[in-house]
Amino acid sequence: MLKGKKILIGITAGIAAYKIPFLIRLLIKEGAEVKVVMTAEACNFVTPLTLSALSQNPVSIEPFSPADGSWHSHIELGSWADAFVIAPLTANTMAKMATGITDNLLLATYLAARCPVFYAPSMDVDMYHHKTTQLNISALQSHGNILIAPHAGELASGLTGMGRLEEPQKIVEILQNYFSKQLSLSGKYILISSGPTIEPIDPVRYISNYSSGRMGNALALEAASRGAYVTFVSGPVNEYPSHPSIKIVKVNSAAEMYASCTELFAKADVCIMAAAVADYTPQNPEAEKIKKKEDSFHINLVKTKDILSELGKTKNNKQLLIGFALETNNEINNAIAKLHTKNLDFIVLNSLKDEGSGFGFVTNKISIIGKDQKINNFELKTKTEVAADLFDFIQKEIV
Ligand code: CTP
């Protein structure tokens, strides 16, 4: 699968850089061509000589070599590669990637790269769990990069927890997997809804929910990376997925999402409703700001239209319709009931009882239930991996 593939490896200054020579050997064994770009600080952890000997290519560090006056072009490296794997990725370089800082060759190469970029954060447990790091991880994900999640274990600091770089063999498998799936959804049109909806109470207030849209972003990017053409109908979120094959339609309320989804559904081969749509909306939103007067206050809410149910009524037998069910109790029965009443092909269940699952996390733990009511349980995974599991499922059914 990796024979003839050009893999560019980016190394930053993390202790796990010692694993990269093993990664290069494995890639070369698989028939890949490997080049390395690294930061100057990373040279303290693994030598350019070792990397150059193993990759059989010169290693790029600075944009300019004072010794011979030669120029190393970031454009050249980025357009040479079929995949750019940045491993290990420190919190520092990740923050720079998320904000577009290009103060070294590796960062300039990242910003100019046209190929898929895989990033493997590796750091101490507390740095990994810091809110800023988590925000940067999801920013990079929503910019279309593919997360190679760290795993838990003993760390160089002596602490135990999340932050260990994925093993080289596993990184090779992730790349093999990526190249084998590429373009498997070519020519398919996929409609995905995502994020929360907001239901206005007056010009300054609304009713909404905690959906971050991360699961929807991961689904859109996974579908696009498999060659599908994606229309992404999203409520207001902080990060939208970015990919040339993803068209974004921004909506606010459940009514707007209903109008967009029902209009776009006829063209879709697959529709995934991952949005957290409000079930009720204020009956008469006020035109002016509501002033505080009484001790208690009532808003009359009316039911919104159920978008999935509506799509389920018009669905033809070539289309696949998939819903999500976020439950807190009686999960399986509730999900199966939704599968049948909304005329779905699959329902993806996530329970708020599972730690690390649901709104706001970068991870999710799902079960996929089909019409035959067979329950397929998955481990807790990153939302990118969950999206890949769901599309593996979908691909077996797509006509
Ligand atoms: N959904 C929808 N339109 C709505 C409400 C929900 O299309 N007005 C979709 C969601 O996008 C999701 C699925 O229906 O794919 C299930 O949503 P969920 O909120 O779990 O269930 P509800 O049907 O709203 O029922 P309840 O809130 O009572 O659990």
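How many residues, within the stretch 313-346, are within 12 Å of the ligand (Cβ to nearest atom), closer than 17 Å to Ile190 by Cβ and free of Cβ contacts under 8 Å to residues at least 60 places away in the same chain? The total comes to 4.
So that you can scan it fast, the table gives a plain yes or no per residue for (1) of a type in the set (Ser, Thr, Tyr); (2) open to solvent by less than 50 Å² (accessible area, probe 1.4 Å):
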position	(1), (2)
Ser70	yes, yes
Ile75	no, no
Val85	no, yes
Thr90	yes, yes
Lys96	no, yes
Thr102	yes, no
Leu111	no, no
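Taking the listed residues Thr262, Thr281, the one that is open to solvent by less than 60 Å² (accessible area, probe 1.4 Å), in the same structural domain as Glu379 (by TED's automatic domain parsing), near the ligand (Cβ under 10 Å from one of its atoms) and touching an Asp or Glu at 6+ places or on another chain (Cβ under 7 Å) is Thr281, with no other qualifying. Of everything listed in (1) touching a Phe, Trp or Tyr at 6+ places or on another chain (Cβ under 9 Å); (2) open to solvent by 60 Å² or more (accessible area, probe 1.4 Å), the single unmet condition for Ile299 is (1). Filtered by the rule that a residue be part of a strand (DSSP E or B) and either under 20 Å from Glu239 (Cα atoms) or among the small types (Gly, Ala, Ser) (or both), the stretch 100-154 gives Val117, Phe118, Tyr119, Ala120, Pro121, Ile146, Leu147, Ala152, Gly153. Pairs are defined by a Cβ separation below 6 Å, a sequence spacing of at least 6 or placement on different chains, a first member in the stretch 133-161 that is assigned by TED's automatic domain parsing to the domain that holds Thr99 and under 10 Å from Tyr119 (Cα atoms), and a second member that is surrounded by 15 or more Cβ atoms within 10 Å (Cβ to Cβ) and acidic (Asp, Glu); the pairs so defined are Ile148/Glu166.
Scanning the stretch 358-367 for residues that are more than 30 Å from Ile148 (Cβ to Cβ), open to solvent by 60 Å² or more (accessible area, probe 1.4 Å) and outside the structural domain of Gln134 (by TED's automatic domain parsing) turns up nothing.
Could you tell me whether the stretch 5-13 includes any residue that is surrounded by fewer than 18 Cβ atoms within 10 Å (Cβ to Cβ), in contact (Cβ under 8 Å) with a residue 24 or more places away in the chain and farther than 27 Å from Ala139 by Cβ? Taking every residue of the stretch 5-13 in turn, none turns out to be surrounded by fewer than 18 Cβ atoms within 10 Å (Cβ to Cβ), in contact (Cβ under 8 Å) with a residue 24 or more places away in the chain and farther than 27 Å from Ala139 by Cβ.
Restricted to the stretch 326-357, and to residues there that are among the hydroxyl-bearing types (Ser, Thr, Tyr) and not in a loop (DSSP other than H, G, I, E, B), the residue that is least open to solvent (accessible area, probe 1.4 Å) is Ser351. Of all residues in the stretch 291-312, exactly one satisfies the criterion of being away from the ligand (no atom under 16 Å from the Cβ) and β-branched (Val, Ile, Thr), namely Ile299. Restricting the first member to the stretch 270-283 and to residues that are on the phi > 0 side of the Ramachandran plot, and the second to residues that are near the ligand (Cβ under 7 Å from one of its atoms) and open to solvent by 30 Å² or more (accessible area, probe 1.4 Å), no beta-carbon pair is closer than 9 Å while six or more apart or on different chains.
When the stretch 244-259 is limited to residues that are away from the ligand (no atom under 16 Å from the Cβ) and not small (Gly, Ala, Ser), the one that is nearest to the chain's Cα centre (by Cα) turns out to be Ile246.
The values are calculated or read from the model by the stated rules, or taken from the named source; none is laboratory data. All figures in this text were calculated on a predicted structure; none of them were measured in a lab. Using ideal geometry, Cβ is built from the backbone for each residue, glycine included, and neighbour counts are taken over all protein chains shown. Ligands, DNA and RNA are stripped out before the accessible areas are found, and what is left, the full protein with its side chains, is counted by its heavy atoms. Shrake-Rupley method; radii C 1.70, N 1.55, O 1.52, S 1.80 Å.
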